[in-house]
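Below is one structure, written out as structure tokens; the observations come after it.
Where a number appears in this text, it was derived from the coordinates with a stated rule and is not lab data. It should be emphasised that the depicted structure is a prediction, and the values quoted were computed from it without experimental measurement. Because the Cβ atoms are built from the backbone with ideal geometry, glycine has one as well, and the counts that use them run over all protein chains shown.
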Amino acid sequence: MHPDLERLDRVDQLDRQLRKFDDGARKQRAILVDAKAEIQRLAGQLDELNHQVAASKTTEHEAQRKAKRYQERRASAQRGLGQGRGDPDAAQRQVEQCNEILDGLDTDLLEQMERQDTLEGQHTANAAARQAAQDFEDAAALSVPKILADLDTKRAKVQSERDGTYAPLDNDIKYKYEQLVEKKRTAVALLEKGVCSSCQIVVQNQQISDLKRGLIKPCRGCHRWLVLPQS
Ligand SMILES: [Zn+2]
């Protein structure tokens, strides 16, 4: 194989490794960003639930105060009846009216308490989820920088080998390499069983023998440089 082709093949491999490092680093940074966003989302939910629980308690207290007033009014009417004061029919009507209102309030209060139980359950679950998200973020804040530093070190080594391999190539080959990478991500394709492994086109025998003679030949399908499998 032509020595330039060997270089191009190696540069192509190293560039793939570099992209993998970059993808890995991007994912690590996304873990932190996502963890922070999740905490924010849960904190917003928790605020909303706190608000709803407070409003629900206010409603409950108002209903209890109202019930107390009607209980007092009923007791006073009953006392009047017991002591034979005032109009007994009116007092009886008042007791019945109070009973009706108090029944309604009882039902309201029960429903209100059920709603509050549900809200408090949601609140507990949300607080636990928020704590878990916080713990996850704390752990990620420790681990992610270490992983990123490790990726950086490994990447720098690969980058230096890549640059050293790439530098001696002629400018026109470099230009074509950059163009291929920009358009197709990879610039080199392996010839496998007479077929280009990137675009699957059948490579002509003449081209295969040219490659074996050490010529540089692009694939007619995808224009990547074809390389022979290493025997
Ligand atoms: Zn091809």
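The table for this structure:
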| item | result |
| --- | --- |
| Whole-Hz couplings from phi, Karplus 6.51/-1.76/1.60, listed for region 72-79; x for Gly and Pro | 5, 5, 5, 4, 5, 5, 5, 4 |
| Ranked packing of 219-227, 38-46, most packed first, by mean Cβ within 10 Å | 219-227, 38-46 |
| Gained length - Ile31 relative to Ala139, 0.36 nm times residue gap less alpha-carbon distance | 37.8 nm |
| Length released on extending from Arg93 to Glu114, taking residue separation times 0.36 nm less the Cα-Cα span | 4.4 nm |
| Calculated FRET value between Leu148 and Glu6, using beta carbons and R₀ = 35 Å, to 0.05 | 0.60 |
| Under-5 Å amide H pairs with Gly221, H placed in peptide plane, nonlocal only | none |
| Bins of 5 Å from zero: percent of alpha-carbon pairs in the chain | 1, 6, 9, 8, 7, 6, 6, 5, 5, 5, 5, 4, 4, 4, 4, 3, 3, 3, 3, 3, 2, 2, 1, 1, 0, 0 |
| Stokes-Einstein diffusion coefficient of region 131-231, Kirkwood radius over Cα pairs, 10 °C, 1.306 mPa s, in µm²/s | 95 |
| Computed over region 21-159: relative contact order in percent, which uses C-alpha pairs under 8 Å that are six or more apart | 46 |
| Spatial separation of Cα centroids for region 1-39 and region 92-134, in angstrom | 56 |
| Unit charges at the beta carbon, dipole of region 21-159: most positive-side option, Val158, Leu49, Phe136 | Val158 |
| Of Trp225, Ala30, Leu109, farthest towards positive along the dipole that unit charges on Lys, Arg, Asp, Glu beta carbons give the chain | Trp225 |
| Relative contact order of region 1-102, pairs being alpha-carbon contacts under 8 Å that are 6 or more residues apart, as % | 19 |
| Thr107-Gln78 FRET efficiency (beta carbon distance; Förster radius 30 Å; 0.05 resolution) | 0.85 |
| In order through region 201-215: 3J(HN,Hα) via Karplus (6.51 cos²θ - 1.76 cosθ + 1.60), integer Hz, x for Gly, Pro | 6, 6, 8, 5, 4, 4, 5, 5, 5, 4, 4, 5, 7, x, 8 |
| Rounded to whole Hz, the Karplus (6.51, -1.76, 1.60) HN-Hα couplings of region 89-94, x for glycine and proline | 5, 4, 5, 4, 4, 5 |
| Selection from Leu119, Ser76, Gln94, by position along the positive dipole direction of region 52-125 (Cβ) | Ser76 |
| 5 angstrom amide H check on Ala189, placed H, neighbours 5+ away | Trp225, Leu226, Val227 |
| Simple Cβ-charge dipole of the chain, Lys/Arg +1 and Asp/Glu -1, about Cα centre, in debye nearest 20 | 1240 |
| Local net charge near Leu5, Cβ-Cβ under 15 Å (Lys/Arg +1, Asp/Glu -1) | +1 |
